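As structure tokens, the structure follows; a few thoughts come after it.
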Amino acid sequence: MYTKNKTFNFFFLKKLIIIFIILTTALIWSLLMFRYWNYDYSLYYNSAVNIGDQYRLYKEIFENKGPFYHFFIKNISKIIGIGIVQAYITLALTLFVFFLSLFFIIFNRSKKHYFLILFLSISILFYQNGNLSLPIFQCGISILSFYFLLKRFSENNNIYFYISFFLYSLAFFTKVDVITYLPVYFIAVALLYNKKEFIPKILIIYLFFFIEFILIYLFFSKYFQFSFYDYYLHNFEFNYQVSSPGRDPFVKNFRSPVLTCLIMSTGIGIIFVEIFSNVYQKYFKNFKSLFINKNKERFLSLIIIFLGAFFWLWAGSDKNYHVFMIYTPMIFFIAYYWDFLKISKIKLYFFYIVTIFYSIVTIYAEPKNAIINGCFLNKKPCGEVIGMAKTINDLKINNYEDIIVIGNNGWLYLLSNTKPTTAIGDWFFYLKGFKNNKIISEFDTEYLLKTYDKLLQKKSGYVYWMHKSYIDQLDSKDYYLSSDRIKTILSISTIIEDQGSYLKLRIK
């Protein structure tokens, strides 16, 4: 009895230590916000905290992502308030959600090498920044949905199906690209029943899936006051029409091998291959063995890996945080089959050395710079804020009303304690996709056209701001070209002052 209690206390203590470390890691890594002031996280945070009756998602706020991450940020802000420190805490909590999801799976599936998976999970943050916020939030939800999907096969209880699909729906309403994994659910249900009971039982499960999905959609649409058309236009139509001109499916990932290097160098690729080979050498002797009852959950794991890899290659992007397209299925597979990491001590030491090295680099080098350079709590402007400092100070001192800022990423409002009245994200409205001397993307929304017309109708003397990059790209031959709208606005304006990142202008 004493031995059992001692063992229980040891594992409980180990879990508490790990939770403390991941929380500390999340707080340290999130210091990068003060150094880089990343664009994507700025849009999510500064849009979400200002959502209200007069400033609505997909109405006055442009966003091509789902509502769930905005819901998360909005409700966190109701508890801790709104501000720079609160934005930092919210970013740390975002990361903490991912860590908790990962270790929920690990704690329920394994009792060994906890600290190796801890260092591995920290090392995958290497070479990332605040733009990772939404992808890693979605990753945490997705791996939990996969966990409960496979748990249905090991415990023979349909409740796990419904939990899994609920989580999958939340991941979908975070970012629609997880639709890639929808075939997994069709395959999983099809694997359960024989031909006689197939039709009635499968229809019941699909009906429950549909009801779950519709209820979640109705909740978000009511909470954020958007219609189905609003949601479809921003999350599907926009992403279909205005994908990045730099996208190059099945080629760019190898022509610009940054993401491949991240996968292999941080340890996740090597450990994934080690576990993958152990799992499939043991269970899959030939193709037919894929469909044996005891192998069904492992077959689904294989499908998840295949779909994730295909989507990553098809997306054709070399942005650092897009590595989570392939990280998500790999991280899940590693966590779910962690006990299959059966290796020699030499390999184990090697994995520890690699993951500890990248963990130290990740949570020491850049966060340290954020502190010693005075970036923390914005004691000294760093990164993007350096060029915004004069404009921020201008807005603070003069307390302008009815502000229009073209090309604002959100931090300008938060740092000047000013509430936005127009959409923060407007780059696609004033910039056109440009490739091979052809315009490949243009996209308008009613509320951005309204803001544009409002500016054109302003009386002489009205003051507004424009990001300088919009002027720099008037004759650009790169991925984006400033639209004729910029030329029209400039034709009725006079530049008052160059304030760094922004120009201060006045209507003639």
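Data for the structure
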{"quantity": "Residue in region 149-166 that is buried (at least 22 other Cβ atoms within 10 Å of the Cβ) and under 30 Å from L32 (Cα atoms) present", "calculated": "no"}
{"quantity": "Residues (surrounded by fewer than 23 Cβ atoms within 10 Å (Cβ to Cβ) and part of a helix (DSSP H, G or I)) located in region 120-133", "calculated": "N131"}
{"quantity": "Those residues of region 38-81 which are aromatic (F, W, Y) and farther than 15 Å from L134 by Cα, in sequence order", "calculated": "Y55, Y58, F62"}
{"quantity": "Unique residue being assigned by TED's automatic domain parsing to the domain that holds F351, in contact with a helix residue (DSSP H, G or I) (Cβ under 6 Å, 6 or more places away or on another chain), modelled with pLDDT of 95 or more and under 23 Å from A309 (Cβ atoms) when the list is F250, F213, F272", "calculated": "F272"}
{"quantity": "Identity of the residue in region 95-119, free of Cβ contacts under 8 Å to residues at least 60 places away in the same chain and among the polar types (S, T, N, Q), that ends up surrounded by the fewest Cβ atoms within 10 Å (Cβ to Cβ)", "calculated": "N108"}
{"quantity": "N369 being surrounded by fewer than 14 Cβ atoms within 10 Å (Cβ to Cβ) and out of contact with any Phe, Trp or Tyr (no Cβ under 8 Å at 6 or more places or on another chain)", "calculated": "no"}
{"quantity": "Matching residues, region 148-172, being in contact (Cβ under 8 Å) with a residue 12 or more places away in the chain and either at positive phi or among the polar types (S, T, N, Q) (or both)", "calculated": "S154, N158, S164, S169"}
{"quantity": "From Y464, Y480, Y502, residue being crowded, with 17+ Cβ neighbours inside 10 Å, in contact with a Lys or Arg (Cβ under 7 Å, 6 or more places away or on another chain) and at pLDDT 80 or above", "calculated": "Y502"}
{"quantity": "Pairs with Cβ under 8 Å, 6+ apart, first in region 264-285 and farther than 30 Å from F357 by Cα, second aliphatic (A, V, I, L, M) and surrounded by fewer than 18 Cβ atoms within 10 Å (Cβ to Cβ)", "calculated": "F284/L290"}
{"quantity": "Selected residue (criterion: surrounded by the most Cβ atoms within 10 Å (Cβ to Cβ)) from residues of region 292-347 that are outside any helix (DSSP H, G or I) and small (G, A, S)", "calculated": "S317"}
{"quantity": "Any hit, region 411-429, residues being outside any helix (DSSP H, G or I), among the β-branched types (V, I, T), out of contact with any strand residue (DSSP E or B) (no Cβ under 6 Å at 6 or more places or on another chain) and without any contact (Cβ under 8 Å) to a residue 40 or more places away in the chain", "calculated": "yes"}
{"quantity": "Residue match in region 140-162 (condition: modelled with pLDDT of 95 or more, more than 22 Å from E297 (Cβ to Cβ) and in a helix (DSSP H, G or I))", "calculated": "no"}
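The values are calculated or read from the model by the stated rules, or taken from the named source; none is laboratory data. The structure presented is a predicted model; accordingly, all values stated were derived computationally and were not measured. Cβ coordinates were reconstructed from backbone atoms using ideal geometry, including for glycine residues, and neighbour counts include every protein chain displayed.
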